[in-house]
1. What does the charge add up to near residue 133, with Lys and Arg as +1, Asp and Glu as -1, over the other residues with Cβ less than 10 Å from its Cβ?
2. Among 143, 103, 85, what is the fewest-to-most ranking by other Cβ atoms within 10 Å?
3. Please sort by residue number the chymotrypsin sites (Phe, Trp or Tyr not before Pro) in the range 78-161 whose DSSP state is loop and whose Cβ has at most 16 other Cβ atoms within 10 Å.
4. Using a Cα-Cα cut-off of under 21 Å, which lysines could be cross-linked to residue 122, ignoring same-chain neighbours fewer than 8 residues away?
5. If packing is taken as the average count of other Cβ atoms within 10 Å, what order do 166-177, 55-66 fall into, highest mean first?
6. Exactly which GluC sites (Glu not before Pro) in the range 7-46 are in a DSSP loop and have at most 13 other Cβ atoms within 10 Å?
7. When percent of Cα pairs over 31 Å apart is calculated directly from the model, which label among (1) 20; (2) 11; (3) 37 fits?
8. Pairing the Cα long axis of helix 31-47 with the longest principal axis of the chain, what angle in degrees results, from 0 to 90 and rounded to the nearest 10?
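Please treat every number below as a calculation from the coordinates, not as lab data. Here the structure is a predicted model, which means the values were calculated and not measured. Cβ coordinates were reconstructed from backbone atoms using ideal geometry, including for glycine residues, and neighbour counts include every protein chain displayed.
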Amino acid sequence: MFAEAMPFITHYISELAKELCQKRPEYHLSGIQQKWLSYCLTGMLLTGTLCWTAFERMGLGGYSIGALSWMFRNTKLPWSHLLQVSFSMLIRILQIKSGVIVVDDSDHRRAKTTSRIYGAHKIFDKKTSGYYNGQCLVFLVLVTKTVTIPIGFSFYRPDPKYRAWEKEDKRLAKAGVKASQRPKAPQPDPEYPTGV
């Protein structure tokens, strides 16, 4: 249970705001944004999840679910710049001199109906050889001898044009149409990177 953000988190967010102003003067964190972000990080640390309901319950009424989610949806926080500045700040504070950059991807099952969940698509389940609806998150992390720090992340989403071509290509191949007579694969779309 917590009524306020933990002091070390509040201090970290305050330092992050200063660093952001120095490195990216066009962006800044207002006092309200800093307070909200500190509260959410405290909630994540104490509950082990990113869940507004859990934050409201554990937060002793500090924020309502509506206020927490409204701030997340409507604030103009420069998320990608915050991550970059936080990364460089941690490298400096922890005095990290070397490490290895690793790509880590993980699939997360979601509900059967996923029309409103970003990046959700049909994923092959290696355990059951079936399929399920889910999201594939791809993380870029720096691994050092002492700590692992996230650098960035993205959602993998399959290219719908390529999937449609692939389905049609398999159908035509099964029907006996030669490869030279089947349509060529569409050009890769930068909106749907494959990492290959």
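1. That sum, taken over residues with Cβ under 10 Å, equals +4.
2. Listing 143, 103, 85 from fewest to most nearby Cβ atoms yields 103, 143, 85.
3. 118
4. In chain and number order, the partners are 112, 161, 167, 170.
5. Listed from highest to lowest mean packing, they are 55-66, 166-177.
6. 26
7. Here percent of Cα pairs over 31 Å apart agrees with entry (3).
8. That works out to roughly 70 degrees.
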